[in-house]
Amino acid sequence: MRLFLPDEAATLALGRRLFEFLKPGSLVFLRGTLGAGKTTLVRGLLRAAGHQGAVKSPTFTLVEEYALPGLTLYHFDLYRLTSPDELEWFGFRDYLRSDSLCLIEWPERGGDTLPAPDFSIELELDLPGRAATIETAPGGDPELLSEIGSAAPPGIS
Amino acid sequence: MQSNTSFRVLGIETSCDETGLAVFDSRYGLLAHALHSQVQLHADYGGVVPELASRDHIRKLLPLLREVLSAAGLGRSDLDGVAYTAGPGLVGALLAGAAAGRALAWALDVPALAVHHMEGHLLAPLLEADRPEFPFLCLLVSGGHTQLIDVAGIGRYGILGESLDDAAGEAFDKVAKMLGLGYPGGPAVAALAERGMPGRFRFPRPMTDRPGLDFSFSGLKTHVLQVLAAHPDNADVRADVAAEFQAAVVETLLVKCRRALRETGLQRLVVSGGVSANRAMRSALRVLSEEEGVRVYFPRLEFCTDNGAMIAYAGCQRLLAGQAEPLRIAAYPRWPLDTLAPL
């Protein structure tokens, strides 16, 4: 499913919507070039989760952690990985738990080491806006996608 | 903070891509420092590669230890304490320095201390002969951090504002990538900006139109992308984009510094972190300090970026005050600065 996001507010709104469809244990991939809005979408999602503080780019630290009520959210940026083996090296599996939510930017750097995601979102430049393509896991519920689409707030088409 | 008897502390910095070692003497000041930069190692990848960084720290630590002790004219047994950066930073890189530092202290039977990397940066100007007195305002701008801090004394830090998304140095790196420039991006963008004309394109000065001292540099990426997409790709366009991007970052930092000085009434401004090497920013802040009637301090360039001297200095002050680590090795990838114990 493809959505047009005319501005930053629309990217934030999509992030907020998406949070309603996630549950503990969910894994989300975020693809897109530099400046496509991946971290902005995560900020929207974290706002819906009740986090009001800063949402820093994890490019420098690899992972930023957010303790939410009953849930820990991990926001990864694998941009700097040179080989998927490095995921094992920093204990990646310890982050994928039934009580955690993992959002991963640049999942392609993780290769086959990463399990299949529940959602995969690709953000593309459609300047001045962005376009988002959302996919669920193979065998996932196709109705979920139309629900996210129909639940999309004004400004997203 | 100098005393009549010498207390010599080895400082070890390995939080990111520089391996820095130094010996600070409480009586005679900095005795020696040595640095190995990994910039060349990471240049091919356009940024720091954590695994490569850790391995390289391990390889360089002992040769640098020999080098720094020899330059100081000391043997290992002359050390009275060992201080190492324990966070924040890349966990593997931190552990390399923490393990070496803690083990060395144990072997020498001297106290060890885990130092907060940002405290090192905040106190770096105190390594200079012309050093600021407390209290001062510190603008810390690097690849991982952009913060305005009220420094009342050692361990008495109030974070007045910080970046809500990308750090200023990170924005430079990412824009460099968009402009097809190499790593590290800061110097490359600054060099290109010299040839460009700021103002041909107009980028916003994020969050300057509202109260508060926080920063946000992430949105500038969209403006850069938009201009690049709307214009033919040529050297003039790229130079003008670099010039306007740099002008936007510098002016934003300037506006927030001015606001922080007026709100706090502080009379001294210290600028530290890798981005403080940026010439456009230095000259803008000099003008600001004259306009506001405050003094501005820039640590020497080699102490603006990561180094062992600042860790040796911070460690020496805390060890002299009796603080020390138990016999364990720990690193803290995230470590809030305002949780440190005051001295």
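Each reported figure results from applying straightforward, stated rules to the coordinates on display, with no laboratory input. Since we're looking at a predicted model, the values are computed, not measured. Using ideal geometry, Cβ is built from the backbone for each residue, glycine included, and neighbour counts are taken over all protein chains shown.
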State which entries of A:Lys56/B:Lys60; A:Lys56/B:Lys221; A:Lys23/B:Lys174; B:Lys60/B:Lys174; A:Lys23/B:Lys177; B:Lys177/B:Lys256 exceed 24 angstrom in Cα-Cα distance in the structure shown.
A:Lys56/B:Lys60; A:Lys23/B:Lys174; B:Lys60/B:Lys174; A:Lys23/B:Lys177; B:Lys177/B:Lys256
Between the residues A:Leu145, A:His75, B:Ala43, the Cα farthest towards the positive end of the dipole of the protein assembly as shown, that dipole coming from +1 and -1 charges on the beta-carbon of Lys, Arg, Asp and Glu, is from B:Ala43
Note on chain A, DSSP bridge orientation, antiparallel percent to nearest 5 equals 55
Angle between chain B longest axis and helix B:168-178 axis [Cα atoms, degrees, rounded to 10]:
50
Rounded tilt (10° steps) of B:220-230 against the dominant C-alpha axis of chain B
40
DSSP loop trypsin sites (Lys or Arg not before Pro) with at most 16 other Cβ within 10 Å: longest gap in chain B:
B:28-194
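If each residue of separation counts as 0.36 nm, what is the full-extension length gain between B:Ala43 and B:Thr208 once their alpha-carbon separation is subtracted?
Taking 0.36 nm per residue and subtracting the Cα distance, the gain is 56.0 nm.
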Estimated dipole of region A:8-65 in Debye, rounded to 20 [Cβ of Lys and Arg +1, of Asp and Glu -1, Cα centre]:
120
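Using a Förster radius of 25 Å, what is the FRET efficiency between B:Ile159 and A:Asp99 based on their Cβ-Cβ separation? Nearest 0.05, please.
Using R0 = 25 Å, I get an efficiency of 0.25.
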Report, by chain and number, residues whose modeled amide H sits under 5 Å from the one on B:Ala32, excluding near sequence neighbours (fewer than 5 apart, same chain).
B:Val23
With charges set only on the Cβ (+1 for Lys and Arg, -1 for Asp and Glu), what does the dipole of the protein assembly as shown come to about its Cα centre, in debye to the nearest 20?
960
So if R0 is 60 Å, what FRET efficiency would B:Ser77 and B:Asn234 give, r being the distance between their Cβ atoms, rounded to the nearest 0.05?
0.45
I want the antiparallel fraction of DSSP beta bridges within chain B, as a percent rounded to 5.
60
Which value, in debye to the nearest 20, gives the size of the charge dipole of region B:223-343 about its Cα centre, when Lys and Arg are +1 and Asp and Glu are -1 at the Cβ?
480
